[in-house]
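The values are calculated or read from the model by the stated rules, or taken from the named source; none is laboratory data. Just so it is clear, the model here is predicted, and its values are computed rather than measured. Counting neighbours? That spans all protein chains shown, and the Cβs are built from the backbone with ideal geometry, glycine included. For the accessible areas, the whole protein counts, side chains as well, though only heavy atoms, and no ligand, DNA or RNA atoms are used. Shrake-Rupley method; radii C 1.70, N 1.55, O 1.52, S 1.80 Å.
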Amino acid sequence: MELTLENMIIQDMAKQMAKTMDFDIICDVMVKEGWSVVEVNYGPGKEWIDVMAWYDTTCEGDYKEHNGKWLIKNPKDAVIFKLRWA
């Protein structure tokens, strides 16, 4: 296959879709282990960097994030996170 701009874009989109699907599967498994999922719609007043900085200074437990979908280990962190950002 010739590596054209169109093909490069398609390959990148396929990789992003695979990452999202993988993260969704991880979320399904981890929720069964007691983790919480909270979704954030980033935009004005909810910039990704601000949400990350807030979490790092406010919350204690582990987390994973992908495209606004947060997987949070500590239930207390999940509650205050949801109240602030969701």
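Report the residue count in the range 28-52 for those that are closer than 13 Å to G68 by Cα and touching a strand residue (DSSP E or B) at 6+ places or on another chain (Cβ under 8 Å).
Of all residues in the range 28-52, those closer than 13 Å to G68 by Cα come to 37-43, 46-52.
Retained after the next criterion (residues that are touching a strand residue (DSSP E or B) at 6+ places or on another chain (Cβ under 8 Å)): 37-40, 52.
Result for the range 28-52: 5.
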So which of D56, D77, D24 ends up being outside any loop (DSSP other than H, G, I, E, B) and either among the aliphatic types (A, V, I, L, M) or open to solvent by 90 Å² or more (accessible area, probe 1.4 Å) (or both)?
D56
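Which members of the range 1-21 meet the condition of being open to solvent by less than 50 Å² (accessible area, probe 1.4 Å) and in a helix (DSSP H, G or I)? Steps first, please.
Going through the range 1-21, the residues open to solvent by less than 50 Å² (accessible area, probe 1.4 Å) turn out to be 4, 7, 18, 20.
Across the range 1-21, the qualifying residues are N7, A18, T20.
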Any residue in the range 61-86 that is within 20 Å of G45 (Cα to Cα) sitting within a Cβ distance under 7 Å of a residue that is among the basic types (K, R)? List the pairs, counting only those 6 or more apart or interchain.
H66/K19; W85/K46
Within the range 39-84, which residues are under 20 Å from F23 (Cα atoms) and of a type in the set (F, W, Y)?
Y42, W48, Y55, Y63, W70, F81
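Suppose we filter the range 33-53 for residues that are assigned to a loop (DSSP other than H, G, I, E, B) and open to solvent by 100 Å² or more (accessible area, probe 1.4 Å); how many remain? Let's see the steps before the verdict.
The initial filter retains those residues of the range 33-53 that are assigned to a loop (DSSP other than H, G, I, E, B), namely 33-35, 40-42, 44-45, 47.
So of that shortlist, the ones also open to solvent by 100 Å² or more (accessible area, probe 1.4 Å) come out as 33, 41, 44.
Of the residues in that region, 3 qualify.
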